[in-house]
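Coordinate-derived values only; no laboratory data. Predicted model only: the values in this text are computed from it and were never measured. Virtual Cβ from ideal backbone geometry, glycine too; neighbours counted across all protein chains shown.
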Amino acid sequence: MKKNLNKRFIFTFFILLLFFSYASFASAALEVSDYPKIPGLPELTTTSDLSDYVGYIFGIITYMAGAIAVISFAVGAVQLILSASSPSLAGEAKERMKGSILGLILTLSAIVILKTINPAIINTTLTPLPGVDGIYYTNGQSDKSAPESADTSSIPEGYKTLVYRCSNSNIAPTLLVWVFANKSLDYSGGASTLRITCGGTVPFGSAGSFKTAYETPGIYFCLDGCSGDMCQGYMSGANTSLQEELSSPFKGNIKGVRIVNNIVNPNEYYVDPSEYYGAIFHKEIGLENGGECTAPIISTKNTSCQTVNISAFSADIFQWNKNDPDSSGDGITFYSEPYGWNADVQSGQADITKEEIKKAGNNIFVEDADIIEFDYSYVESEEALFCDGNYPSCSAQNAGDECCPCTNFKECPGSMQIKGDYLVGLYSYVKDEKGNKTNRLYCQTFDDDVETLDTYDYVQPGSDIEYVNIIPVKY
């Protein structure tokens, strides 16, 4: 009796151990970028989604269970060999070997039963949304449920066409279908991304594998540039947050960017539900570094695709607060000195108010740095008192005056205070080997107060700030 209780305890402990191992493995899985290719398991790439990870983890656990059973059987066999003079030890060894064989049979049986009853339990499918029936294989007369991704070799004979079924086309989202020439979602042999609406079909022909996802607002990277408002060739999934380092294969290789917005009439809602996305691409890895970059890439359309003209290794991806910039904050203040907002610092200041940002085109403020002129009327010093307030605002006419030691932000970029949710870009132009300005941009972006700009490489050595870009954003 005691021996049976021990066996039950060990079995329960083993099941719990597997469960918690699975949970911890699943939570850490999304943080790993390179996964080994294991026969029989889906290949994980930068475009793999949750269903791919679930299938991969399920397979790993199955392999682990099989390996444990084999090891346990081997241990039992060794015990049996060494227990020739002890019948009791030999009996325990035989029990271990029987249990190992039984565990292996149960593991294999579970997989066979699940596949027989419903293959979708193992091959996860795209979860239907409101108005959506789902995606299916079709032969033109009947449909069979399709997984979210698969090799085309696993498709039932005669059903090598995918169809998107919807019960309410007015609310059903658009479906994206990635079609790969190679198996296992391998993009190296060529890939294309299709955008289909309700009732649309995708014939696979000689394709090796496919993947599906609902289209959502965000930034999509195009490996081979644009074709109309879609990516040409291989496309990433939706990105909605900054990328300190782009993942492979897009790192250094992006040729285009596709923007998907969710534009809703704000008059129908108390809070505007619209979503506008934009991006600034950088040649340097890490957004804390200045370097060659792009101007903000934005769109006022629901979908658009634009060229990226640099080798991008990181990206500011932001949600643009286009329709309600006032809610982002109270604007930006630029100072002529480091720590300019400190009461003890003799600094001129230039305020860019939220009203000025709202009046700007598309509510994105762009101004030449030498137009952002400092006001010294706030300075409480002997020099300011001596001037009797004659020059509260500085301009080119009184530059160098004792009341105006520095005229504008281009001359004296000291510090800046970001009073809300804004993305501020300081831009200059890249110089060639002869020191001549090119049409390429050099920038650094900021979303928090900068106590002293002297510590940042926001311009190329030997250059000055040319202009400032202020984008109201949502977080």
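Mind running the shape call on region 127-215? Use the C-alpha gyration tensor, a ≥ b ≥ c as the square roots of the eigenvalues: rounded below 1.5 for a/c, prolate if a/b tops b/c, oblate otherwise. It is oblate, given that a/c is not under 1.5 and a/b is not larger than b/c. With 28 Å as the limit, the listed pairs K255/K322; K251/K359; K251/K301; K255/K410 have K251/K359; K255/K410 beyond it between alpha carbons. Under the combined filter of DSSP loop state and at most 11 neighbouring Cβ atoms within 10 Å, region 162-230 retains none of its trypsin sites (Lys or Arg not before Pro). Note on L175, L106: ascending count of other Cβ atoms within 10 Å places them as L106, L175, the fewest first.
For a paramagnetic label modelled on N139 (point 7 Å from Cα along Cα→Cβ), amide N atoms under 14 Å away belong, within region 148-188, to 155-161.
Kirkwood radius, region 149-284, all distinct C-alpha pairs, inverse of mean reciprocal distance: 16.5 Å.
Packing, taken as the mean count of other beta carbons within 10 Å per residue, orders the peptides 337-350, 214-227, 65-78 from highest to lowest as 214-227, 337-350, 65-78. Mean separation of Cα pairs under 8 Å and 6 or more residues apart, divided by the residue count, gives region 128-264 a relative contact order of 21 percent. The GluC sites (Glu not before Pro) of region 223-285 that meet both conditions, a loop assignment by DSSP and at most 15 other Cβ atoms within 10 Å of the site Cβ, are E244, E245. Annotation: extensible slack from E95 through D186 equals 28.2 nm (criterion: 0.36 nm per residue apart, minus Cα-Cα distance).
Between D432 and Y475, the modelled label-to-label distance comes to 4.2 nm, taking each label 7 Å out from Cα in the direction of the beta carbon. Mean sequence separation of contacting Cα pairs (under 8 Å, at least six apart), scaled by the length of region 217-320, corresponds to a relative contact order of 35 percent.
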